[in-house]
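Data first, discussion second: the structure below is written as structure tokens.
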Amino acid sequence: MGLIAPSILSADFAALGEDIEAITKGGADWIHVDVMDGSFVPNISIGLPVVSAIRGRTTLPFDVHLMIVHPSLYFKDFADAGADWISFHWEAEVHADRAVSRLKELGVKAGIVLNPATPVSVLEDLLPQLDYVLLMSVNPGFGGQTFIPYVTQKIVKLRAMAQEKNPNLIIQVDGGVDAGNIRMLKEAGADCFVAGSAVFRGRTLEKNLQTLRDAMA
Ligand code: DX5
Ligand code: ZN
């Protein structure tokens, strides 16, 4: 599996609908929506009204990455706004088990995100309940940062854990993904690649998506 999930954090916010249509046409698999609250991460991005506003522009799944404190307070709102996949940070939620159950009750796919420095071992017992795990390969908060190399080993470790505990788990990687490392990340065991700058750079969205796709093959 090799899914590409463009992060709209790098899109033109004044023309978000058009950009969503362009990445859909260019063959994106998921739309990755980075929600930041200025508290869990030192940046503020977009929230519920924007997700609702753009939902009608594509039939692709919306993958909402919550970089917010108290994420479970907002699960229902994001599900109602049209999120299909929702991930929250391990570091932001004291009751991860309860939060995952809540996502399942809402009928959305449930994911947990780990910051670069959080070891994959924290998920050992919860892994069977998860649809996906997002491994951050930059410190969250901003697009355009450099990939942190040790995260590759985390992908390898998590894939080995998943082989035993949840063979259908989707491993997603986010931050600094580009045509130069996407193939290596796939070989390490990742299935879904979030890319912001690599998709939107130069505003040649469709061409950039093709470059990523070719690099992965
Ligand atoms: C960072 C976000 C990422 C980011 C990816 O906090 O979660 O999705 O926008 O951007 P690039 O691909 O530019 O690193
Ligand atoms: Zn993200």
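For first residues located in the stretch 36-60 and at positive phi and free of Cβ contacts under 8 Å to residues at least 60 places away in the same chain, partners that are in a helix (DSSP H, G or I) and within 14 Å of ligand 1 (Cβ to nearest atom) and lie 6+ apart or on another chain with Cβ distances below 6 Å do not occur. Within the stretch 6-14, is even one residue of a type in the set (D, E), open to solvent by less than 10 Å² (accessible area, probe 1.4 Å) and modelled with pLDDT of 95 or more? Scanning the stretch 6-14 turns up no residue that is of a type in the set (D, E), open to solvent by less than 10 Å² (accessible area, probe 1.4 Å) and modelled with pLDDT of 95 or more.
Applying the selection to the stretch 169-215, what residues are more than 20 Å from V133 (Cβ to Cβ) and within 17 Å of the chain's Cα centre (by Cα)? Step through it out loud before you land on a result.
Filtering the stretch 169-215 down to residues more than 20 Å from V133 (Cβ to Cβ) leaves 178-180, 183, 197-215.
Across the stretch 169-215, the qualifying residues are D178, S197, A198, V199, F200, L209, L212.
Of all residues in the stretch 39-54, those that are in contact with a Gly (Cβ under 6 Å, 6 or more places away or on another chain) and open to solvent by 40 Å² or more (accessible area, probe 1.4 Å) total 3.
The values are calculated or read from the model by the stated rules, or taken from the named source; none is laboratory data. Computed from a prediction, not measured in an experiment: that's the story for all the values here. All Cβ positions, even for glycine, are placed from backbone atoms using ideal geometry, and neighbour counts span all protein chains on display. The area values use the complete protein model at the heavy-atom level, side chains included, leaving out ligands, DNA and RNA. Shrake-Rupley method; radii C 1.70, N 1.55, O 1.52, S 1.80 Å.
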